[in-house]
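Colleague: Got a structure here, written out as structure tokens. Questions coming.
The values are calculated or read from the model by the stated rules, or taken from the named source; none is laboratory data. Predicted model only: the values in this text are computed from it and were never measured. Neighbour counts are summed over all protein chains in view; Cβ atoms, including those assigned to glycine, are modelled from backbone coordinates with ideal geometry.
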Amino acid sequence: MGKSKDLALEIEEQEYNPDTEPRREYYPSDIRCPNCFKPTLVQDSAVDHYCTSCGQEFIQVGSALRFK
Ligand SMILES: [Zn+2]
């Protein structure tokens, strides 16, 4: 009994995946991606950046971007 309950919880957790269901709004960044050097960065906050070309996420520290 305990085993099937654990399994149900596990499935629930897998269904909730924030990576495949983005609820954040992105807007274009004027910074080039430090990873692939393409102007395809978007940002969803003042410091959170995401590259739509290579998929890398960055956090802005001062005037520099750091790999997440
Ligand atoms: Zn990139």
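Colleague: If you take the residues in the stretch 42-68 that are under 14 Å from the mean Cα position of the chain (by Cα), in a loop (DSSP other than H, G, I, E, B) and more than 10 Å from the ligand (Cβ to nearest atom), which one is farthest from Ser29 (Cα to Cα)?
Modeller: Restricting to residues being under 14 Å from the mean Cα position of the chain (by Cα), in a loop (DSSP other than H, G, I, E, B) and more than 10 Å from the ligand (Cβ to nearest atom), the top hit is Lys68.
Each row is one residue, and each column tells you yes or no for (1) at pLDDT below 90; (2) exposed (fewer than 10 other Cβ atoms within 10 Å of the Cβ).
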residue	(1), (2)
Gly2	yes, yes
Glu13	yes, yes
Arg23	yes, yes
Pro34	no, no
His49	no, no
Phe58	no, no
Phe67	no, yes
